[in-house]
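Bear in mind that the values in this text are calculations on the coordinates, not laboratory data. Because the structure is a prediction, the values reported are computed rather than measured. So basically every Cβ, Gly included, is an ideal-geometry build from the backbone, and we count neighbours across all protein chains shown.
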Amino acid sequence: MSNTVIIKGNKHGITVVLNGDDSFADLKNSVREKFRQSAAFFGKADMALAFEGRFLSEDQQIQLMEIIQEETEMNILCIVDLDKDRDALFEAAVKTQTELQEEMPGTTTAHNNNAGGTSEGLFYKGTLRSGQVLESETSVIVLGDVNPGGRIISAGNVIVLGSLRGNVFAGANGDEHAFVVALEMNPMQIKIADVIARSSDSAPKKKSKNKGVMPKISFVEDGNIYIEELTSDILEDIRI
Amino acid sequence: MSEVIVVTSGKGGVGKTTTTANIGTGLAKLGKKVVMIDTDTGLRNLDVVLGLENRIVYNLVDVVEGNCRIKQALITDKRCPKLYLLPTAQTRDKSAVTPEQMIKLLDELKSDPEGFDYIILDCPAGIEQGFQNAIAGADRALVITTPEVSAIRDADRIVGLLDAHGLKDHEDLIVNRIRMDMVNRGEMMSIEDVNDILQLNVIGAVPDDENIVVATNKGQPLVGDDSLAGQAYMNICHRIIGEEVPFLDLNGKGGFFKKLSALFKGGK
């Protein structure tokens, strides 16, 4: 899969990141392909659209927007013009936020609504059984097991307070910082953003000695999915 | 008021029909009035396992289509006068009956003045129309699985569908065809391993027993005899009517008399 087009999203809009210096015609095809693949995920929604990573004329932006509207059922309300200093602005905003939180050590709630998908969560109580799918534009917390054949798709993070034996897709809008935590991590497949990992083919010799099981986290680093024990060091590195 | 129990599994060949025949017969032996309904239209077997094939005149499809009254289609068992079978049609398919018709039929059976204690539905394999028909009017489900990943996967899918149908917490699990020698060697999943995934109330475990094959071919359910499977099925019947019976030791053949006496104590 080519990574020249990456779709990042939150609840109210999507940012299309355009990498490489392909010709505009190639780029149009890449965008078309990418949105065709993910049309089902976006569904029917009113969205704001932004482009990043490459300069586009107004005409080019409109062409791309038309492609997206052809391929998906989304309703693009407006194209947001991203300021070149956006990164700097964002960084400043995050800093202020962090400082605010440091000033008030008692508050643990996330105030940053811009984070949208990942900072909000959907709770699901019960076992997600074979054939059942849980989809959310926010993070997902499962109070129970995810059985083989069960599936979670979340734009944010996924936390399973039980045994994860099914399929999970975190950061479904392309967020590589999304992570998956499970008390027992035995998934069939984990997908985070565009990276997929699957369980090994060797027979899972997990003799039920439940006491020795550690909670684990999986995350993306350098384009690979890693699964590690959930330690305080790792938690330090998590970005929400 | 009669309780409607559906016997289901998702996967085929795990023992739904055998279980239905044995549990139906077992409950009747415990003095309950029982009717078993075969909902596997087009692939009916329950009549064969019960040895009642030659008595079928009318069937389930005839009843829902109004060609006969329920009483005319009910076959009385040749051994237990309190046991009845409502067979289904062999020459039709699952679309011959709808869930609404099943509910109407069950309501009619429930309002029978003489009253049945239990109505047991033998569900076809799969999750299509036949399954939908069978679970439509059920109060309770017995989910059958064998200790194999394929059967467990399908049972898990079925439990999800039963939950969605409003039967959550009315599902019991029967682990069928367990072979303790293989479990002890670590070559087969134990009941605990199976239920680690399904997480249901285990109402019974039935050992893999060659007597079952003999009994099926003879058309005589072995529930209640002194074979291990026969005892296991009888124990399940006791638990269905709400008695507490300790689990059989499926391990060996020793201590039969002890087990039998425990069984009789449970039956009082």
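Mind listing the Cα extents of segment B:1-91 along all three principal axes, in Å, largest one first?
Projected onto its principal axes, the Cα set of segment B:1-91 covers 32, 31, 28 Å.
Looking at segment B:3-267 only, what percent of DSSP beta bridges run antiparallel? Nearest 5 please.
5
May I ask you to derive the relative contact order of segment A:5-80, considering only C-alpha pairs under 8 Å and at least 6 residues apart, and to give it as an integer percent?
36
Determine ³J(HN,Hα), in whole Hz, for all residues of segment B:61-76 in sequence, where each value follows from phi through the Karplus function 6.51 cos²θ - 1.76 cosθ + 1.60 and θ = phi - 60°; x replaces Gly and Pro.
Going residue by residue, I get 5, 4, 5, 5, 8, x, 7, 7, 8, 4, 4, 6, 8, 6, 9, 7 Hz, with x marking Gly and Pro.
Take the cross-link list A:125/B:16; B:11/B:168; A:34/B:11; B:32/B:71; B:78/B:168 and give me the ones stretching past 27 Å between alpha-carbons.
A:125/B:16; A:34/B:11; B:78/B:168
Give me A:122, A:49 ranked fewest to most by other Cβ atoms within 10 Å of their Cβ, as a rough exposure proxy.
Working: A:122 15, A:49 19.
By the 10 Å Cβ count, ascending, the order reads A:122, A:49.
Which order results if B:177, A:36 are arranged by neighbouring Cβ count within 10 Å, fewest first?
With the fewest neighbours first, B:177, A:36 line up as A:36, B:177.
Using amide H atoms built 1.01 Å from N in the peptide plane, name the residues 5+ places from residue B:188, or on other chains, whose amide H lies under 5 Å from its own.
Excluding prolines and chain starts, which carry no amide H, the hits are B:183.
Can you give the alpha-carbon Rg of the protein assembly as shown over 2.2 N^0.38 Å, where N counts its residues?
1.25
How large is the convex hull of the Cα atoms of chain B per residue, expressed in Å³ as a whole number? Present the calculation step by step, with values, prior to reporting the outcome.
Numbers: hull volume 31.7 nm³, N = 268.
Spelled out: Cα convex hull of chain B, divided by residues, is 118 Å³.
Around residue A:27, what is the net charge, scoring Lys/Arg as +1 and Asp/Glu as -1 over all other residues with Cβ under 10 Å from its Cβ?
Neighbour charge sum, excluding residue A:27 itself: 0.
Could you tell me which of B:190, B:95, B:75 has its Cα farthest along the dipole of chain B towards the positive end, charges placed at Cβ (Lys, Arg +1; Asp, Glu -1), taken about the Cα centre?
Value: B:75.
Taking every residue in B:194-201, how many Cβ atoms of other protein chains lie within 10 Å of its Cβ, on average?
That works out to 3 on average.
Quantify how strongly other chains surround peptide B:153-163 by giving the mean number of their Cβ atoms within 10 Å of each of its Cβ atoms.
Partner-chain Cβ atoms within 10 Å, mean over residues of B:153-163: 5.
How large is the direction-averaged shadow of the alpha-carbon convex hull of segment A:5-80, in nm²?
Average projection, Cα convex hull of segment A:5-80: 4.3 nm².
Using Cβ counts within 10 Å as a stand-in for footprinting exposure, how do A:23, A:30 rank, fewest first?
By the 10 Å Cβ count, ascending, the order reads A:23, A:30.
Looking only at the protein assembly as shown, where both bridge partners belong to it, what percent of the DSSP beta bridges are antiparallel (to the nearest 5)?
Restricted to the protein assembly as shown, the bridges split so that about 25 percent are antiparallel.
Show that you can apply the helix-only estimate: for chain B, add -39,500 (n - 2.57) for every DSSP H stretch of four or more residues, divide by all residues, and state [θ] at 222 nm to the nearest 500.
Counting only the DSSP helices, I get -11500 deg cm²/dmol.
Pull out a ≥ b ≥ c, the square roots of the eigenvalues of the alpha-carbon gyration tensor of segment A:120-237, then state rounded if a/c is under 1.5, prolate if not and a/b is larger than b/c, and oblate in the remaining case. Could you put the intermediate results ahead of the total?
Working: a/c = 1.34, a/b = 1.11, b/c = 1.20.
Rounded, since a/c falls under 1.5.
Rounded to the nearest Å, what's the spacing between the alpha carbon centres of segment B:66-123 and segment B:1-28? Just the number, please.
First find each Cα centre; the distance between them is then 14 Å.
Once the cut-off is 16 Å, how many percent of the Cα-Cα pairs in segment B:74-175 end up in the long-distance tail?
Tail of P(r) above 16 Å: 64 percent of Cα pairs.
Looking at chain B, identify the longest residue range that excludes and avoids all GluC sites (Glu not before Pro) in DSSP loops having at most 12 other Cβ atoms within 10 Å.
B:1-113
Lys and Arg at +1, Asp and Glu at -1: add these up for the other residues within a Cβ distance under 12 Å of residue B:32 and post the number. Write out the running numbers ahead of the final one.
Values: positive: B:29, B:33, B:82; negative: B:3, B:117.
Summing Lys/Arg as +1 and Asp/Glu as -1 gives +1.
For peptide A:128-141, compute the average count of partner chain beta-carbon atoms within 10 Å of each residue's beta-carbon.
Average neighbour count from other chains, rounded to a whole number: 3.
Using each residue's phi in segment B:242-250, evaluate 6.51 cos²θ - 1.76 cosθ + 1.60 at θ = phi - 60° and report the 3J(HN,Hα) Karplus result to the nearest Hz, with x for Gly and Pro.
Listing the rounded values in order: x, 8, 9, 10, x, 5, 5, 7, 7 Hz.
Once phi is turned into ³J(HN,Hα) by the Karplus curve 6.51 cos²θ - 1.76 cosθ + 1.60 with θ = phi - 60°, what whole-Hz value does each residue of segment A:143-150 show in order, with x for glycine and proline?
Once rounded to whole Hz, the list reads 9, x, 9, 10, 7, x, x, x.
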